[in-house]
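Before any comments, here is the structure.
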Amino acid sequence: MHGHKITNQQGLHFLTPTIVGWIDVFSRQSYRDLIISSLQYCQKEKGLNLHAYVIMTNHLHLLASAQEPARLSDILRDFKKYTSSRIIKMAKEEPESRRSWLLHMFAYHAKYNSSNKEYQVWQKGDFPVELNSPSMIYQKMNYLHQNPVRAGWVNESTHYLYSSASNYAEGTGLMEVDMLDLPGSTFGYVHF
C-alpha cells in the first residue's frame with residue numbers, strides 16, 4: 001500500500017512510518033535510540049519541524065512539517081534511507097537474538113519492491129494526513145500520545161519515555177520538539 005502523497009511540503013502532517021510486516025524492531029532500546037538521534041539530526045540539519053512523536057514497537061507517529069526550502073517528503077525519504085541502513089547494520093553487528101529472522105524478513109520484503117536491492121525495512125508511504133484545523137491537530141496529537149497507554153505499557157502517557165507527551169505536559173522530554181500552541185486552549189498544560 002502506498003498511502004497518499006504529501007502535496008503541501010511545508011504543511012503540518014500526521015505521519016505513520018511503519019516497519020515492513022509490522023516487525024517489532026523498536027522493542028529494543030538501541031533501535032529506539034537510533035530513531036531519536038536520527039530525528040534530532042533531521043531537526044538540526046534537514047529542516048524538520050517535529051511537533052510531536054511516539055515510537056511504538058513497529059511504527060512511529062509524527063506530527064511534522066518542514067522549514068522552507070526543505071521538503072517534508074525529502075526529509076522522510078532521507079530519514080528512512082539512513083535508519084534502514086543503520087537498522088540492518090545493527091541487526092548484523094550488535095547482540096541480537098533475532099538476527100537471522102530479522103534479516104530474512106527484511107530480505108523477503110525487498111523481493112517484492114524493485115527499488116530495494118537486498119533488504120527493505122520500512123513500508124512504502126507514511127500515510128500522511130495534512131492537519132488544517134486546531135481540532136484535527138488536537139485529535140491526532142491526543143491519539144499519538146495515547147498509543148502507549150492503549151498498548152498497556154503505561155498508565156499515563158507522560159510516563160512513556162519515547163514520546164513527546166511529557167514535553168507538552170511538563171515542558172521537558174527525551175528530545176526537543178517544536179511545541180504547537182492551539183488558539184484558545186491551554187494546550188501546553190493538557191494532560192495527554
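All of the numbers you see were taken from the coordinates with simple rules; none came from a lab. Because the structure is predicted, anything quoted here is derived from the model rather than measured. We place every Cβ from the backbone using ideal geometry, glycine too, and count neighbours over all the protein chains shown.
Summary table below
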| item | result |
| --- | --- |
| Helix 134-150 axis, angle to the chain major axis (alpha carbon atoms, nearest 10°) | 50 degrees |
| Sites Glu118 and His159 - FRET efficiency at Förster radius 35 Å, r taken between beta-carbons, to 0.05 | 0.35 |
| Largest-first principal axis extents, alpha carbons of the stretch 1-86, Å | 34, 29, 22 |
| Length-normalised contact order of the chain in % [C-alpha pairs under 8 Å, at least 6 apart] | 27 percent |
| Phi to ³J(HN,Hα) by Karplus 6.51 cos²θ - 1.76 cosθ + 1.60 over the stretch 88-104, Hz, x for Gly, Pro | 4, 4, 5, 4, 7, 10, 8, x, 8, 5, 9, 3, 5, 5, 4, 5, 4 |
| Gain in span if fully extended, Tyr143 to Asp33, counting 0.36 nm per residue against the direct Cα distance | 37.4 nm |
| Amide H contacts under 5 Å for Met56, placed H, 5+ residues apart | His61 |
| Estimated inter-spin distance, Met175 and Ser73, nm [label 7 Å along Cα→Cβ] | 2.3 nm |
| Net +/- balance of residues flanking Leu161 in space, Cβ distance below 15 Å, scoring K and R +1, D and E -1 | -2 |
| Computed [θ] at 222 nm, deg cm²/dmol, the chain (DSSP H ≥ 4; -39,500 (n - 2.57); rounded to nearest 500) | -12000 deg cm²/dmol |
| Solvent-free Debye scattering, log10 I(q)/I(0), computed from the Cα coordinates of the stretch 13-189 at q = 0.11 Å⁻¹ | -0.47 |
| Gained length - Glu130 relative to Glu96, 0.36 nm times residue gap less alpha-carbon distance | 8.5 nm |
